[in-house]
Amino acid sequence: MAFKIIASQCTQCGACEFECPRGAVNFKGEKYVIDPTKCNECKGGFDTQQCASVCPVSKTCVPA
Ligand code: SF4
Ligand code: SF4
């Protein structure tokens, strides 16, 4: 399982890219996207998903 970014709500602040412990967030084309092959939902390292924790817009980093 992986998380995804709702592009229409994303302000492109970049916080999630910086916080992701697996480098799964990248700016591609014109938007931030989460690579589902890298995202492990922060399992094992954190109690909460770091992208969702730092995102200033609620419900923008969500389960895919
Ligand atoms: S859930 Fe964790 S591993 Fe997945 S994109 Fe967000 S911060 Fe990265
Ligand atoms: S933290 Fe939220 S608003 Fe900022 S780039 Fe990531 S998804 Fe977009």
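Derivation of every value follows stated rules applied to the coordinates shown; laboratory data play no part. It should be emphasised that the depicted structure is a prediction, and the values quoted were computed from it without experimental measurement. Here the Cβ positions follow ideal geometry from the backbone for every residue, glycine too, while neighbour counts run over all protein chains shown.
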Only Cα pairs under 8 Å and at least 6 apart count here; give the relative contact order of the chain as a rounded whole percent. 47
Note, ³J(HN,Hα) from phi for the stretch 20-25, Karplus 6.51, -1.76, 1.60, rounded to Hz, x at Gly and Pro: 4, x, 10, x, 8, 9
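For the stretch 3-64, compute the number of Lys pairs whose alpha carbons are separated by less than 18 Å, excluding pairs fewer than 8 positions apart on the same chain.
7
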hull vol. (C-alpha, convex hull) per residue for the chain, Å³ -> 75
Between the stretch 1-19 and the stretch 36-60, the Cα center-to-center distance that results, in Å: 9
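List the GluC sites (Glu not before Pro) within the chain that DSSP assigns to loop and that have no more than 10 neighbouring Cβ atoms inside 10 Å.
Numbers: sites: 17, 19, 30, 41; in loops: 30, 41.
Taking the chain and a limit of 10 other Cβ atoms within 10 Å, the loop GluC sites (Glu not before Pro) found are 30.
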Report the chymotrypsin sites (Phe, Trp or Tyr not before Pro) located in the chain that are in a DSSP loop and have at most 12 other Cβ atoms inside 10 Å of their Cβ, or state none. 46
List, in order, the whole-Hz ³J(HN,Hα) value for each residue of the stretch 6-11 obtained from phi through the Karplus relation with A = 6.51, B = -1.76, C = 1.60 and θ = phi - 60°; use x for Gly and Pro. 7, 4, 5, 9, 5, 8
So what is the 222 nm mean residue ellipticity for the chain from helices alone, if each DSSP H run of at least 4 adds -39500 (n - 2.57) and you divide by all residues, rounding to the nearest 500 deg cm²/dmol? -3000 deg cm²/dmol
Sites matching trypsin sites (Lys or Arg not before Pro) across the stretch 10-64 that sit in DSSP coil, with at most 12 neighbouring C-beta atoms within 10 Å: 43, 59
